[in-house]
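J.: My questions all concern the structure below.
The values are calculated or read from the model by the stated rules, or taken from the named source; none is laboratory data. Just so it is clear, the model here is predicted, and its values are computed rather than measured. Neighbour counts run over all protein chains shown; Cβ positions are idealised from the backbone, glycine included. Just the protein is used for accessible areas: all its heavy atoms, side chains included, with ligands, DNA and RNA removed. Shrake-Rupley method; radii C 1.70, N 1.55, O 1.52, S 1.80 Å.
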Amino acid sequence: MPTEYAKALGARLRAIRTQQGLSLHGVEEKSKGRWKAVVVGSYERGDRAVTVQKLAELASFYGVPVAELLPGGAPSGAAEPPPRLVIDLERLQQVPTEKAGPLMRYAATIQSQRGDYNGKVLSIRQDDLRTLAVIYDQPPSSLTEELINWGVLSSDARGALDI
């Protein structure tokens, strides 16, 4: 029977996979068989223990830091953090530069500061969104909607605004 931690880890693994639009079979195909659908599914259900090495390899495959796969250590009953704002950098490249130029430069600056060049996604804070809203001369909620329409932010980003 899976432990609570194994279930929480599995939920994080599933969330990252689905955020990337992958089915279990999609993971197997994209990894050219390196990650079998049945194995990843058993990790996600918490039925199978995942080693630290395998977790690091899976994080690398998904293009996320290992910490993103680990369940949060927030004590029970703690306030839930707002949903993360994650910029899809691959989709951003498809948006015309005249629209996305400021966001591209801002994202490049954050990547440079963090030394994070995975090129797929970039997490930003609410304050970053507020700063971008000033640059785009829009309220944060309007900019969020525009970024969702561009496909750069998921619709979950609407819940990240506490303004």
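J.: Could you check how many residues of segment 1-51 are of a type in the set (A, V, I, L, M, F, W, C), open to solvent by less than 20 Å² (accessible area, probe 1.4 Å) and either assigned to a loop (DSSP other than H, G, I, E, B) or over 20 Å from residue 68 (Cα atoms) (or both)?
T.: Result for segment 1-51: 2.
J.: Further question: Residues of segment 31-50 being among the hydroxyl-bearing types (Ser, Thr, Tyr) and in contact with a Phe, Trp or Tyr (Cβ under 9 Å, 6 or more places away or on another chain), which ones?
T.: 31
J.: Then there's this: State the number of residues belonging to segment 121-145 that are exposed (fewer than 14 other Cβ atoms within 10 Å of the Cβ) and either charged (D, E, K, R) or within 30 Å of residue 61 (Cα to Cα) (or both).
T.: Here the count works out to 3.
J.: Condition test on residue 137, is it free of Cβ contacts under 8 Å to residues at least 24 places away in the same chain and either among the hydrophobic types (A, V, I, L, M, F, W, C) or over 24 Å from residue 67 (Cα atoms) (or both)?
T.: Working: free of Cβ contacts under 8 Å to residues at least 24 places away in the same chain: yes; either among the hydrophobic types (A, V, I, L, M, F, W, C) or over 24 Å from residue 67 (Cα atoms) (or both): yes.
Yes, satisfied.
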